[in-house]
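Down below is the structure, laid out as structure tokens.
The values are calculated or read from the model by the stated rules, or taken from the named source; none is laboratory data. What you see is a predicted model, and the numbers here were worked out from it, not measured in a lab. Reconstructed Cβ throughout: ideal geometry from the backbone, glycine too, with neighbour counts over all protein chains shown.
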Amino acid sequence: MSYIEFNHVVKEYATGGEAIRALDDASFAVEKGELAVILGASGAGKTTALNILGGMDTATAGQVLVDGRDVTRYTPRQLVGYRRTDIGFVFQFYNLVPNLTALENVELAAQICKDSLDAAETLRKVGLGHRMGNFPAQLSGGEQQRVSIARALAKNPKLLLCDEPTGALDYNTGKQILQLLQDTCRKEGITVLIITHNSALAPMADRVIRFKSGRVTDITCCDAPTPISQIEW
Amino acid sequence: MNTAYRKDVRRTIAGHKKRFFSLLIIAALGVAMFTGLQASCRDLRLSADALFDSQKLFDIRVQSTLGLTDADVAALAALDGVAEAEGGVSVTADTPAQGGTGKAEVRTLSDTGLNQPYLLEGSLPEQSGQIAVTQKYLDDTGAALGDTLTLIPEEPEEEQEQPSADEEDWDVQVEDTGAAEPALARTAFTITGLVLDPMDVNSGGTASAFRVSSNTDYTFFVLAQDIDSEVYTAVYLRLADTAALNCYSDAYDDRVAEITRQIEDQIQAQREQARYDQLQAEGRQTLEDARQEMQDEFAQADEEFADAEQELTDARAELDEGWAELEDARAELDEGWAQWQDGQAELAENERTAEKGINDAAAQLEEGRAQLQSAGQTLDDSQAQLDASRAAAERQLADGQARLDAGMAQAQAGLESAQAAESAAAGQLPGVLTPLWEAWKTAAIAAWSPVGEATVQIESLQTQLDALAADDPQRADLQAQLDGLNDQLAQAMAAAQSDGATAAARQAFEDAMPAETAETAEQLAALAQGLGTAQGAVSGMQAQQAAFDEQAAAARAQLDAAQAQIDAGRAELEEGWRQLNDGLAALDEQAAEIRGQIAQGKTELQDSLTELQDGEADYADGLAELQDGETDYADGLAEYQQNKQDYAEARAEAEQQLADGEAELADLEMTQWYVQDRTSLSSYSSIQSDTASIEALGVMFPIIFFTVAVLISLTSVTRMVEEERGLIGTYKALGFGSGAIYGKYLTYATTACGLGALAGEAGGYLLMPLFMRYIFRQMYTIPRYLLGFDIGFGLGGPALFLAGMLGATALACRSELHQTPAALMRPKSPRAGSRVLLERIPWLWNRIRFLNKVTIRNLFRYKKRLAMTVFGIAGCTALMVCGLGLHDSVVAMMPLQYEQYYQYDLLVAGTGEDDPALLDRLAADAAVEAIQPVYMETVTLLGADGHEESVQLVVFPDGASPEGWYGLVDAAGQPLTLADGQAVLTRNAAQLLGFSAPGSLTVRDTQLREAQVAVGALTENCLGNSLYMTEADYQALFGDYTPNAALARLTIDPEDQRAFADGLRRENEVASATSTQALKEDFTQNFAMMNAVVYLLTGLAAGLAFVVLFTLSTTNISERQRELATIKVLGFFDREVHAYVNKETLLLTGMGILVGLPGGRLLTSWLIGMLSLPAAQVPVAVQPASYLLAALASLVFALAVDLLTNRILDHIDMVEALKSVE
């Protein structure tokens, strides 16, 4: 019984007359504390799968088990709770609340969780101790992403889901972020899933899940993931 | 909770200010509208109620046709639930005002403060003779506090017999049976205070001017002692537990109705009967007393008359006596006067005579003296003369004698000769013949003596004559004598010749003679003759001598005599002188004596004159006295007669009065009580109806605003939610529940709404009432205007709006929050473009320029926006049309009312004193083209629900038709005819009373008589309410018909008609004269409230348009930011970008206007219907210009908004817009 189980999940959009399948019977599993990387070209269904896993979207068919519980059967209310306590999401475009400072953004997430981490501490951990009072508009992309990560981390989630976290970042910043994610995974023991279309990142993961056309074409486990610092691309 | 979250909410608010404020403003306006109108009306009612409570206005008023007594008051007070009952008195009087007279109701002030007038200035009357007046009086007359006010009682005072002077004194009074009318105790008052009458808070101007509120123009207050009355005009009740209730509330109405029912059920009938009985009994008693009194008085009067008569008779007798005495006195006096006159005359005469005598005597004496002197002189002269004469005479005598001697000698000679001859002859005679001859001779001598005498005389005369000078006057004489003598001679000769004796003797002789002696005879004859003649001559001479001797003797004697005379004369003279002196002496003595006598006599006369004068004076006094006595008597007599006559009249009158009294008593109708509550006060009712109609208004506006608010908030929040779509997704991703997200937006909306609602509350409870207070002030005068707060509306209003807007917000959120976070974080799929209908017309479509095509597509792409803009603009236009239409409708009333409905130029009402005369005079006036007498009265109509409405009753005489005077038309515009049994009522009144024609209505006139009127049709009318009926109907209902007013069409120009009416009004017989022209001119002033409403509407419309357009535009822009940024990037100039957006806005505005114009018309008619002004039926007439104006205004607003949004457009940062997360 894996920690995360994605079983034959189908996600269909019916617009107009045609039905478009973002996920077409995708299945994968991830163990607890693993760092999984989801690879695939654009439109492969990666984000969809992550969304469903993170309780942000519903599946048309299939089953998603997280820590033994079927997320697809959750009521919207249960999904909210699920999102609140179990999931930490990092978006490609950060999605920070522009009206709140970095610290407040993190607090926003922290304060709804029962056993959350200290927001300021988390920010310091991501290296933004000096930028706590700044608004997202005053932060660079990397800083924003770090805030976003801090926000996700502050929730002390079971899962940390990252949708192309370095997509809008440069090489070094991206590496830093990834490093952070990796460290978090290792140190805190949080299961981290990272979506990327950069296959060079595959070595950092414990598990690589490849998507193509809405299906999981490949799941590769790696025993000894490479530290990020060692990966060049 | 979650401070970060809360901070986000706060900052969201701060970050979306425009949207926030638009929500806030809409909420504020809506709440203000909602609560404001209600609050204003409630405040008015509250204020009125406060006034009524503080002035202790009655809750129930009872009036009776026969007046009310203390017993009635007690009976009413004893009722359960009645806290106070008090009677009040009022009386109607005239007072000079505005050039003529106005009618005033004068009421007494209550001791306990019931119906106490509210003091505005000065002080309430505290002493008799003081009066308090209302503002209207001061305005109309220009009087001020401290001035004198004169009241002219309406009915003449009770007829009272005048007590006459002197002895005659009777006094018969018969009081009226039946209710004694209250009467003013005095007529001159000093104005001490300006007050407000709680029973009539109408301020007299504006729209309520058309409501016929009462018969009187003014209301005055005096102390109870200034009105004499035995009964109360009305009894005012205050109920026990109503003070706490608002008098316009249902609870109050129920309470009052309850008590009213109690009165009607328990007391009314008994008290009516009691009063009737009481009056009957009193009347009976009064009549009896009066009758008794009358009898006594008559008896007494008769007695007095008898005495008076006696006195008069005595007086007359006395006077007559006096006259008689006076006459005697007069006679005496006259006599005395006569005597005196005579005496006077006599004395004068005497005096005169005496004087004259004395003078004469003196004169005489003088004359005597003169005479004596002259006599002496004369004597001397005479003596001289005499001497001379003697001498002459002697001479003459001598001459004469000489002559005579001569003559004699001659004659003797002759004779001798003759004798000789004779003897000779005789001797020859025969002795026989001798006796015959002797006879003959004797006869011849006898016959011829005269001849001889004559001849001798003639000779002597002739000698004398010759001795005279030629011019001696005696010649003539002598000549004449001579001639005479000649004649004598001739005669004598003739006689002698013819002497018979002679002849006889001759004959005898002759006979005796022989024949030859003829010649002898002749000779003898001649001898005889000669003898005779000589004889005669001798005798003649002898005679002459004798004569001469005689003469001489005589002459000598004469002379002697003369001498003797002269001697005598001398002696006399001596005597005379002696006498003269004696006489002189005597004269002086006598004169003195006489003078003395005369003087004495004068003195006596003077005394008697004085006496007489005194006597005259006494007489005059006596006369005067008698005359006075006569005058007095005459007066007394006249008085007596007058009094007798008066008495007779009075007696007859008194008898008549008694009879009338009896009749009246018999005619006395059963008492009728009228139990009224405050709704019978017109100002009270009109407050009720006005606030009701405004509140009805207050239903419409908030609906509009509510709808708009909901839509706006829906739009705004939808937009906001869409903008923050990603954020919502993030929240959801973070694990915030829907509740939190709803919460954020709800908080946003709540804050906006809440603040708006608070502002709206402030506006609604403060500003709006203040605004409405301005309007109400035009209609009502309430001293303190309270601002109240109603929990229901105060909280309900905001709650409603909050609910609405929050609901909209929730709705807006809902659609988004349904989606999964993932979907939210995905960009919203842009709406699919759709084809427009127009595209199916290729030939048209292809002709349109590209950008216009885009515009058209966009128009229909955003349907919600389309709908909302069109709705918003339509609403705005409609409101504007409504506002302007309202104004137009009101303005249209004027020609409609004053030219179509009222076709007359002048309405004149008489005071009732001599109306027919007034009407005749007017008919004859040159300025009047035609005149129609009518009867007018203000009557009350009673509706089914007890609602009362005052209307003007116009009764046309039989045969007269309202055609040409009133335009009576039904709703369809068809003319109505006035016929018997088919009275015509104005529609407005029917509406107010809940009455529909044909039917029957209860009418109550000013004398509180009620009757049922058959109303056949309803006529259209704009201002005021009237009931038209025929004379026959009126007579059947109320009795006598006398025209008291007239309608007139004038020939003079409209500009002069007002002056004409003013002139008429000043005349005493004219109670009122209204020129229709003047009404037209004053029309606009009466509709200030209308204008306020129009401004309000326009303001609202503007605000609405602005907010709607602004919100929609900004929403629109923010929605299409990428699109707009893109075209900017493509290279559109700013102006083109503006045009891109504004074209749509303008097109939508145009569509909105097209929808709004007819909508506005509907709104106008609805609004007019809702407003239902008191006694005014406003026709719906919207001018084309108003439509144009409304459309233009909306356009202008749209353009203004465009200008604002242009600035926003200019600030769209292309780069940022294109960078946004989508």
Pair list, Cβ < 6 Å and 6+ apart or interchain, from the stretch B:887-915 residues that are under 27 Å from residue B:1168 (Cβ atoms) to residues that are modelled with pLDDT under 80 and among the aromatic types (Phe, Trp, Tyr): B:890/B:1087; B:894/B:1083
Residues of the stretch B:455-513 that turn out to be in a loop (DSSP other than H, G, I, E, B) and surrounded by fewer than 18 Cβ atoms within 10 Å (Cβ to Cβ), as a count: 6
Of residues in the stretch B:1-46 being more than 14 Å from every other protein chain (Cβ to nearest Cβ) and polar (S, T, N, Q), the one nearest to the chain's Cα centre (by Cα): B:40
Within the stretch B:966-989, tally of residues that are assigned to a strand (DSSP E or B) and among the acidic types (Asp, Glu): 0
Inter-residue pairs, beta-carbon under 7 Å, first in contact (Cβ under 8 Å) with a residue 60 or more places away in the chain and over 14 Å from residue B:896 (Cα atoms) and in the stretch B:1068-1081, second among the acidic types (Asp, Glu) and outside any strand (DSSP E or B), 6+ apart: B:1069/B:913; B:1069/B:914; B:1075/B:905
Out of B:1064, B:1047, B:1018, B:1023, sole residue that is under 15 Å from residue B:952 (Cα atoms), crowded, with 22+ Cβ neighbours inside 10 Å and at pLDDT below 85: B:1023
Close pairs (6 angstrom Cβ cut-off, 6 or more residues apart or separate chains): within 9 Å of another protein chain (Cβ to nearest Cβ) in the stretch A:87-103, aromatic (Phe, Trp, Tyr) anywhere: A:101/A:135
3 or more residues touching an Asp or Glu at 6+ places or on another chain (Cβ under 7 Å) and surrounded by 17 or more Cβ atoms within 10 Å (Cβ to Cβ): qualifying helices (runs of 4 or more DSSP H) within the stretch B:665-771: B:682-723
Count of residues meeting criterion [surrounded by 13 or more Cβ atoms within 10 Å (Cβ to Cβ), farther than 26 Å from residue A:226 by Cβ and not hydrophobic (A, V, I, L, M, F, W, C)] in the stretch A:14-42: 4
Test result for residue B:660, in contact with a strand residue (DSSP E or B) (Cβ under 6 Å, 6 or more places away or on another chain) and either at pLDDT 80 or above or closer than 30 Å to residue B:316 by Cα (or both): no
Some residue of the stretch A:137-160 being surrounded by fewer than 18 Cβ atoms within 10 Å (Cβ to Cβ), within 12 Å of chain B (Cβ to nearest Cβ), of a type in the set (A, V, I, L, M, F, W, C) and part of a helix (DSSP H, G or I): yes
Some residue of the stretch B:780-795 being surrounded by fewer than 24 Cβ atoms within 10 Å (Cβ to Cβ), farther than 23 Å from residue B:50 by Cα and in the same structural domain as residue B:45 (by TED's automatic domain parsing): yes
Condition met for residue B:92 (surrounded by fewer than 24 Cβ atoms within 10 Å (Cβ to Cβ), modelled with pLDDT under 85 and within 30 Å of residue B:243 (Cα to Cα)): no
Residues of the stretch B:246-274 satisfying the condition of being surrounded by fewer than 19 Cβ atoms within 10 Å (Cβ to Cβ), part of a helix (DSSP H, G or I) and in contact with a helix residue (DSSP H, G or I) (Cβ under 8 Å, 6 or more places away or on another chain): B:270, B:274
Single residue of B:398, B:393, B:388 found to be under 27 Å from residue B:556 (Cα atoms), crowded, with 17+ Cβ neighbours inside 10 Å and modelled with pLDDT of 75 or more: B:393
Residue B:547 being within 26 Å of residue B:394 (Cβ to Cβ) and part of a helix (DSSP H, G or I): yes
Any pair with Cβ under 9 angstrom, 6 or more apart, that starts in the stretch B:721-747 at a residue that is facing another protein chain (nearest Cβ under 9 Å) and free of Cβ contacts under 8 Å to residues at least 12 places away in the same chain and ends at one that is surrounded by fewer than 19 Cβ atoms within 10 Å (Cβ to Cβ) and among the hydroxyl-bearing types (Ser, Thr, Tyr): B:735/A:85
Some residue of the stretch A:26-33 being closer than 19 Å to residue B:819 by Cβ and either among the charged types (D, E, K, R) or part of a helix (DSSP H, G or I) (or both): no
Given (1) among the acidic types (Asp, Glu); (2) modelled with pLDDT of 80 or more; (3) surrounded by fewer than 22 Cβ atoms within 10 Å (Cβ to Cβ), number of the condition residue B:905 does not satisfy: (3)
Scope the stretch B:98-133; condition within 11 Å of residue B:195 (Cα to Cα), part of a strand (DSSP E or B) and in contact with a Leu (Cβ under 7 Å, 6 or more places away or on another chain); matching residues: B:118, B:120, B:121, B:122, B:131, B:132, B:133
Candidates B:851, B:817 - the one that is farther than 23 Å from residue B:1191 by Cα and within 14 Å of chain A (Cβ to nearest Cβ): B:817
Residue identified as buried (at least 23 other Cβ atoms within 10 Å of the Cβ) and among the polar types (S, T, N, Q) among B:55, B:38, B:63: B:38
Leading residue by the ranking (farthest from residue B:1116 (Cα to Cα)) among those in the stretch B:886-916 that are assigned to a helix (DSSP H, G or I) and touching a Lys or Arg at 6+ places or on another chain (Cβ under 7 Å): B:898
Members of the stretch B:600-620 found to be among the hydrophobic types (A, V, I, L, M, F, W, C) and under 15 Å from residue B:345 (Cα atoms), listed by number: B:605, B:609
When residues of the stretch A:42-57 are limited to those that are at negative phi and not in a helix (DSSP H, G or I), the one farthest from the other protein chains (Cβ to nearest Cβ): A:44
Residue match in the stretch A:58-73 (condition: facing chain B (nearest Cβ under 10 Å), outside any helix (DSSP H, G or I) and without any contact (Cβ under 8 Å) to a residue 60 or more places away in the chain): yes
Pairs where the first residue, in the stretch B:608-620, is more than 14 Å from residue B:339 (Cβ to Cβ) and the second is among the basic types (Lys, Arg), C-beta under 8 Å, 6+ apart: B:619/B:330
Residue tally, condition more than 7 Å from every other protein chain (Cβ to nearest Cβ) and charged (D, E, K, R), over the stretch A:104-116: 2
Hits in the stretch B:191-223 (condition: modelled with pLDDT under 85, of a type outside the set (A, V, I, L, M, F, W, C) and either part of a strand (DSSP E or B) or more than 13 Å from residue B:780 (Cβ to Cβ) (or both)): B:202, B:214, B:215, B:216, B:217, B:218
